[in-house]
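Student: Could you have a look at this structure, given as structure tokens, before my questions?
The values are calculated or read from the model by the stated rules, or taken from the named source; none is laboratory data. No experiment lies behind these values; they were computed from the predicted model shown. Methodologically, a virtual Cβ is constructed for each residue, glycine included, from the backbone with ideal geometry; neighbour enumeration extends over all protein chains shown.
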């Protein structure tokens with residue numbers, strides 16, 4: 001419920017014509033910010049996977065869960081946009097603010113979609129060791145029963 005309200009409230013801050021013109025003129029900036037976020041989050045997930053020996057599915061789920069950048073990013077961007085340096089220039093100009101807004105929109109959509117794709121793989125992975133353990137336990141029970149039957153038949157033959 002927060003995200004739709006957030007985007008409606010943020011939408012009131014945006015002049016659509018200026019917003020889209022800014023994104024078109026500074027597409028490399030916008031794409032660079034989004035790409036840097038995606039790669040940075042993936043690297044962080046990869047470090048955690050290697051440090052704790054997690055699986056590929058765990059890495060991808062971790063990565064997708066950390067992608068959405070909304071509340072703190074918006075707060076920091078708006079504060080930086082409202083602050084002026086001693087020369088009277090904004091700390092964050094309108095082009096960069098628009099790029100940050102596109103990043104927030106992109107990651108808040110991409111994160112849940114990727115999580116929906118990768119989380120079931122994590123569940124499947126965690127179920128596999130349990131299934132293997134059940135198979136091993138079943139095999140041990142069968143071996144025990146076979147040994148018991150042999151022991152009983154050995155006792156009868158004597």
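Student: For residue 99, state whether it is within 23 Å of residue 14 (Cβ to Cβ), within 22 Å of the chain's Cα centre (by Cα) and surrounded by fewer than 16 Cβ atoms within 10 Å (Cβ to Cβ).
Tutor: Spelling it out, it is not the case that residue 99 is within 23 Å of residue 14 (Cβ to Cβ), within 22 Å of the chain's Cα centre (by Cα) and surrounded by fewer than 16 Cβ atoms within 10 Å (Cβ to Cβ).
Student: Which numbered condition in (1) over 30 Å from residue 126 (Cβ atoms); (2) under 24 Å from the mean Cα position of the chain (by Cα) is the only one that residue 25 fails?
Tutor: Evaluating residue 25 over (1) over 30 Å from residue 126 (Cβ atoms); (2) under 24 Å from the mean Cα position of the chain (by Cα) leaves (2) as the failure.
Student: Could you grab the pairs with beta carbons closer than 8 Å, sequence gap of 6+ or different chains, first residue in the range 76-102 and on the phi > 0 side of the Ramachandran plot and without any contact (Cβ under 8 Å) to a residue 12 or more places away in the chain, second one surrounded by 14 or more Cβ atoms within 10 Å (Cβ to Cβ) and part of a helix (DSSP H, G or I)?
Tutor: From the range 76-102, no pairs qualify.
Student: Go through the residues of the range 33-47 one by one and say whether even a single one is surrounded by 13 or more Cβ atoms within 10 Å (Cβ to Cβ), in a helix (DSSP H, G or I) and touching a strand residue (DSSP E or B) at 6+ places or on another chain (Cβ under 9 Å).
Tutor: no
Student: Also, quick follow-up: Whether any residue in the range 78-87 is in contact with a helix residue (DSSP H, G or I) (Cβ under 6 Å, 6 or more places away or on another chain) and surrounded by 18 or more Cβ atoms within 10 Å (Cβ to Cβ) is what I want to check.
Tutor: No, the range 78-87 contains no residue that is in contact with a helix residue (DSSP H, G or I) (Cβ under 6 Å, 6 or more places away or on another chain) and surrounded by 18 or more Cβ atoms within 10 Å (Cβ to Cβ).
Student: Out of curiosity, is residue 74 out of contact with any strand residue (DSSP E or B) (no Cβ under 7 Å at 6 or more places or on another chain), surrounded by 14 or more Cβ atoms within 10 Å (Cβ to Cβ) and at pLDDT 95 or above?
Tutor: no
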